[in-house]
């Protein structure tokens, strides 16, 4: 596609990369809505290590802290038509990312069958092999699924295989910058035309005590069990686990398809520190170069960035180097009375290592969409080696509005790995602002892009269509939708009905919730469906052999 990725403000915005879908599973945040609520409320999701994850050899008075998922072992194998035997052999990182790939496509309004029809690529960051460690120390013998189940590359390939995606499929390992580098590579593939749609993200699960012990002996972990980003108490980081995924497509295609756009990826850059004081010691030289190149690729001035989501681990060496780099390139480029706001989600959920960059990107995308900057926790006063005033930086310590309401929202996401690989991504709101923003003028329509035309007549009684592989899953789907409606009271019934009818896969167990009024009446039907109670406004059925075998409403049944 000519001009894709040029990044120029005047003529490159339509060719930027759009973030059209999100999915995540993070500590105390099973989805993006819950993650945004956690950020807005300033929740600290760091807890003691669950008993089942502790090393039997660890002293009783020494319990590590971290950001943990509640049930990383749970997986709906039947939904993906994977046998129990094969599912048991699969690294839970494969299982989690398979679920997040499906959820991200659903959030983007893309039925997986449609993604399979084109060239959809999968680009994931991962470096943990904890499940392999557990397997090799167990008495279980290798079986027919062991090789693929423990292979790191299959984390991405499994998604491509199960969902039938024919684009590039690869796993990136650049240490802690892996997932953000994966996003960079996905954008490059979209710009070159190797893919027309991309899933990009990363995963990190803390399953074997040995990995935490190695990290602690390396000197990276905070004995206080907190990430004190840029703070005087910075003494290491606390580990976190989970995964995140975004759906990417060229902005011109997103506009033509009428997609909801969370934000745009205007540009990005990747490099390595090269020689320095040590293999794992970052350098200001390398980080500053990555920041400058990312701004150039995005076609923005360093002074245009209003917020940076930091790598911000809270380490004694890394924080001052990152602060000097960000301050020198971006902070001092701004007016002295308008410091650059910075923050880090690691203070909320811990350092997700290979998945850290995608967590920062999802946080920043949501902040751009809502026009709100969440607070960074655990900050009292600056680290003695971080002169915030001289660097023109300000740690975002409260929930507050976007710094400048009169300029387009532009932000950076920074990440670097222990081997010296740096990555910086520049995000921006789409022309006219994200959905829901009231302080922007309507965007000017590009000559070759038009939004879809919706039917002029809308029915007064709306059917809400749901489907799942099994009856229990159908009830769970109804409960999730009911929760989503409670979190988003602004949704119109017609929009919900349209999305359910056009952007969800049609699976075997189906239900229709009749909504004669607003979302309140529909929510009642969803509650009854979730509880498996009869209702005249809920019709349920099972599809067998391509035909609906029966439908029943209330307590009656009718063959069709």
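Quick note: the coordinates plus some simple rules give every number you see, no bench work behind them. Being a predicted model, the structure only gives us computed values, none of them experimental. For neighbour counting, all protein chains shown are included, and Cβ atoms are generated from backbone atoms with ideal geometry for every residue, glycine included.
A full extension of the chain between residue 70 and residue 521 corresponds to an added length of 159.1 nm, given 0.36 nm per residue minus the alpha carbon distance.
Note on 74, 324, 394: ascending count of other Cβ atoms within 10 Å places them as 74, 394, 324, the fewest first. Counting only the Cα atoms, the stretch 353-410 fills a convex hull of 120 Å³ per residue. Return one number: the angle in degrees, 0 to 90 and rounded to the nearest 10, between the long axis of the Cα atoms of helix 519-530 and the longest principal axis of the Cα atoms of the chain. Rounded to the nearest ten degrees, it is 80.
For the stretch 96-173, the alpha-carbon radius of gyration amounts to 1.24 times the rule-of-thumb value 2.2 N^0.38 Å expected for a compact globular protein. Each of residue 217 and residue 146 was given a label point 7 Å from its Cα along the Cα-to-Cβ line. The distance between the two points is 2.5 nm. Relative contact order, whole percent, for the chain stands at 17, derived from Cα pairs under 8 Å and 6 or more residues apart. Take 495-508, 342-355, 263-276 and order them by the average number of nearby Cβ atoms within 10 Å per residue, most first; the result is 342-355, 263-276, 495-508.
Taking the stretch 67-95 and a reference point 7 angstrom along Cα→Cβ of residue 508, the backbone N atoms nearer than 15 Å belong to 77-84.
Each principal axis of the stretch 45-120 carries a Cα extent, and these read 55, 30, 18 Å when sorted largest first. In this rough spin-label picture, where each label sits 7 Å from Cα along the Cβ direction, the residue 398-residue 194 distance is 4.7 nm. Label-to-label distance for residue 381 and residue 471 is 6.5 nm, based on points extended 7 Å past Cα in the beta-carbon direction. What's the FRET efficiency of residue 532 with residue 233 using the Cβ-Cβ distance as r and R₀ = 60 Å, to the nearest 0.05? Calculated transfer efficiency: 0.70. Note the angle between two axes, namely the Cα long axis of helix 493-502 and the longest principal axis of the Cα atoms of the chain, as a number of degrees from 0 to 90, rounded to the nearest 10. Roughly 90 degrees, rounded to the nearest 10.
For the stretch 340-364, the residues whose amide N sits under 20 Å from a probe point set 7 Å from the Cα of residue 390 along the beta carbon direction are 340-342. Projected onto its three principal axes, the C-alpha set of the stretch 304-345 covers 29, 19, 14 Å, listed from the longest axis down. Helical content of the chain, expressed as a calculated mean residue ellipticity at 222 nm, amounts to -9000 deg cm²/dmol (DSSP H runs of 4 or more residues, -39,500 (n - 2.57) each, divided by residue number, nearest 500). Between residue 479 and residue 77, the FRET efficiency from the beta-carbon distance, with R0 = 30 Å, is close to 0.90. With a Förster radius of 30 Å applied to the beta-carbon distance between residue 492 and residue 114, the computed FRET efficiency rounds to 0.80. Note on 319, 15: ascending count of other Cβ atoms within 10 Å places them as 15, 319, the fewest first.
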